[in-house]
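Read the structure below first, then the notes.
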Amino acid sequence: MTRDTLILHAGYRSAKDAGPFRDGPQFSSTFVSPGDPADHAMTYGRFHNPTWAAWEDALGVLEGGHAVSFASGMAAVAAVFGVCLRPGDVVVLPAESYYTTRVVASNWLTTIGVKPRLAATAGNAQARALDGARLLWIETPANPTLDVCDIRLLVDAAHHANALVAVDNTTATSYLQPALTLGADYVICSDTKAMTGHSDLVLGHVATNDADRAAALRTWRTQQGAVPGPMEVWLAHRSLATLPLRLSRQCAAAQVVAEFLATVNAVREVNYPGLPTHPGHTIARSQMHAFGSVIGFDLGTRDAAERVLRRLALVREATSFGGIHSTAERRARWGGDAISEGYIRLSVGCESAEDIVADLAAALGE
C-alpha cells in the first residue's frame with residue numbers, strides 16, 4: 001500500500017470495523033482506575049489520553065518510528081534538550097536555526113551548564129564543530145534563510161563523534177524529508193505549521209526509532225506538564241489525512257512562484273531549494289521528495305519590502321508558515337536573524353499558483 005494511503009488511514013478504524021471512522025476527542029482528566037494503577041491503560045489526564053494515542057499512532061506511520069505529542073513545537077524542542085543534555089555537555093546548533101531555539105539554548109541551557117556551539121547550516125559547517133559534542137541539532141531547510149545541509153553526511157559525522165542527532169523538520173515535514181530514515185536519532189516538528197496546515201492549532205511532536213528514548217520523552221512530558229489538549233490533537237489528526245494533498249499542491253505552486261520571482265528585477269535574491277541556482281539544490285534534491293512551501297526573497301530595503309506587503313491583496317501579512325492560505329512577512333521585523341531588512345518570507349498556500357503570481361506581480365509593479 002502506498003505511503004499516501006497509509007497516512008490517510010493512519011489512526012482510523014479498519015474498514016471492516018463497525019462504528020465511526022474514528023472516535024471523537026476524549027476530554028477526561030480523570031479515569032476510573034480502581035486498585036493497582038498498573039492494571040489500567042488510562043488513569044489521569046496528564047499521563048495519557050486515548051486521543052493522543054491515536055494521533056501518535058498516526059504520526060508513527062508518517063515518521064516511521066515512535067511519536068510523542070507536545071503542547072507546542074517549542075515544548076517538543078525543550079523535551080529533546082531536557083532528555084539529552086546534562087551540565088558540561090556541548091550542543092551544536094545551526095547559526096541560523098529557529099530564533100527561539102537559539103534563545104532557549106543561550107538562556108536556559110547555559111544556566112544549567114550546557115554549552116551551545118553555533119555553526120552555519122550551509123556547507124555542512126556543523127560537521128567541523130562536533131569535537132566533544134553530545135548533541136547535534138540540524139534544521140534543513142533552515143528557517144528563515146532556507147539554507148540546506150546534508151542530513152546523512154552530518155548524521156554519520158556526529159555518530160562517529162559519539163553525538164546524538166536531532167533534526168528540526170518543521171519546514172519540510174517528514175512527508176517531504178524522512179529524517180529518521182536518513183539516520184536521525186530524534187525528529188522534531190512544530191505541528192502548528194504545515195503538518196496541520198490550517199493556521200488554527202499550536203502543537204508539536206518528537207519522533208524517534210528508539211522505544212526507550214520515546215519513553216523518556218513521555219516521562220518528560222508528564223513531569224513538565226507539556227501536554228497537548230485533546231481537541232487540538234483530534235483536529236490535528238483530522239488534518240493529517242490531507243497532508244499529502246496539501247503539501248503536493250503547495251510545493252508545486254511554490255516552484256512556480258519561485259521561478260517567477262527569479263525573473264523580477266526588483267528582487268535581489270530568491271532563496272528556494274527547488275531553484276537550480278540555490279547552493280543547496282543538489283543536496284535538497286537527494287534528500288527531499290519536494291522542496292517545500294516556503295520561499296525567501298530579498299527586496300533590499302525595509303521600505304521596499306513593506307511597500308510590497310501593503311500592496312498584496314490575496315497573500316496575507318502574517319507570521320508562521322505552512323498553512324493553506326498564502327502568507328508573507330518582512331522577517332527582520334522580529335529581530336534575531338542575520339538577514340536583510342528587505343527579506344520577505346513567503347509561505348505558499350493552496351491557492352492557484354496563477355493567482356499567487358498575479359498578486360505578487362501587481363504588488364511588485366510587474
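Below are the figures for this structure:
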quantity: Full-extension gain in nm, residue 30 to residue 252, via 0.36 nm per residue minus C-alpha separation; calculated: 75.3 nm
quantity: Listed residues 339, 356, 151, most fluctuating in the chain (Gaussian network, C-alpha, under 10 Å); calculated: 339
quantity: Charge tally in the Cβ shell below 11 Å around residue 13, where Lys, Arg are +1 and Asp, Glu are -1, residue 13 excluded; calculated: 0
quantity: Other-chain or far-sequence residues with amide H under 5 Å of residue 165's (modelled H); calculated: 136, 185, 186
quantity: Additional length obtainable on full extension of the chain from residue 259 to residue 198, 0.36 nm per residue less Cα span; calculated: 19.4 nm
quantity: Descending principal axes extents, the range 4-68, alpha-carbon based, whole Å; calculated: 42, 28, 19
quantity: Gyration tensor (alpha-carbon) shape descriptor, the range 136-263, a/c threshold 1.5; calculated: oblate
quantity: Relative contact order, percent, the range 310-366 [alpha-carbon distance under 8 Å, six or more residues apart]; calculated: 37
quantity: GNM result for the chain, Cα springs below 10 Å: residue of 289, 40, 237 fluctuating most strongly; calculated: 40
quantity: Cβ-based exposure ranking for 48, 205, 325, in which fewest neighbours within 10 Å come first; calculated: 325, 48, 205
quantity: Antiparallel bridge percentage (DSSP; both residues within the chain; nearest 5); calculated: 55
quantity: Cα-derived Rg to Rh of the range 148-198, Kirkwood definition; calculated: 1.03
quantity: The chain shape via C-alpha gyration tensor axes, a/c threshold 1.5; calculated: oblate
quantity: Footprinting exposure proxy for 135, 314, 247 (fewest neighbouring C-beta atoms within 10 Å first); calculated: 314, 135, 247
quantity: Helical mean residue ellipticity (222 nm; -39500 (n - 2.57) per DSSP H run of 4+; nearest 500) of the chain; calculated: -10500 deg cm²/dmol
quantity: Equivalent ellipsoid dimensions for the range 39-90 as semi-axes, Å, which come from the Cα gyration tensor, largest first; calculated: 24, 16, 10
quantity: Estimated FRET transfer efficiency when R0 is 22 angstrom, pair residue 86-residue 41 (beta carbons, to 0.05); calculated: 0.10
quantity: Net dipole in debye of the chain [+1 Lys, Arg Cβ; -1 Asp, Glu Cβ; about Cα centre; nearest 20]; calculated: 320
quantity: Reduced Cα scattering model of the range 270-316, Debye log10 I(q)/I(0), q = 0.26, 0.32 Å⁻¹; calculated: -0.90, -1.13
quantity: Global form of the range 71-158, assessed from the alpha-carbon gyration tensor, a/c cut-off 1.5; calculated: oblate
quantity: Sequence-separation-based contact order of the range 244-364, relative, with Cα cut under 8 Å and 6+ spacing, percent; calculated: 28
quantity: Modelled FRET efficiency - R0 45 Å, residue 159 with residue 352, Cβ distances, 0.05 increments; calculated: 0.50
quantity: Sum of side-chain charges, residue 69 neighbourhood, beta-carbon under 14 Å (Lys, Arg +1; Asp, Glu -1); calculated: -2
quantity: Most mobile listed residue (327, 43, 145) in the chain, GNM with C-alpha springs under 10 Å; calculated: 43
quantity: Rg over Rh, two decimals, the range 244-364 (C-alpha only, Kirkwood Rh); calculated: 0.94
quantity: The chain - percent relative contact order, Cα under 8 Å, separation 6 or more; calculated: 16
quantity: At R0 = 30 Å, FRET efficiency that the Cβ-Cβ distance of residue 266 and residue 325 yields, to 0.05; calculated: 0.80
quantity: Formal net charge of residues neighbouring residue 129 (Cβ-Cβ distance under 13 Å; K, R +1; D, E -1); calculated: +3
quantity: Footprinting exposure proxy for 21, 81, 260, 321 (fewest neighbouring C-beta atoms within 10 Å first); calculated: 21, 260, 81, 321
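Bear in mind these aren't lab numbers, they're just calculated from the coordinates by the rules spelled out. The structure displayed is predicted, hence computed values, not measured ones. All Cβ positions, even for glycine, are placed from backbone atoms using ideal geometry, and neighbour counts span all protein chains on display.
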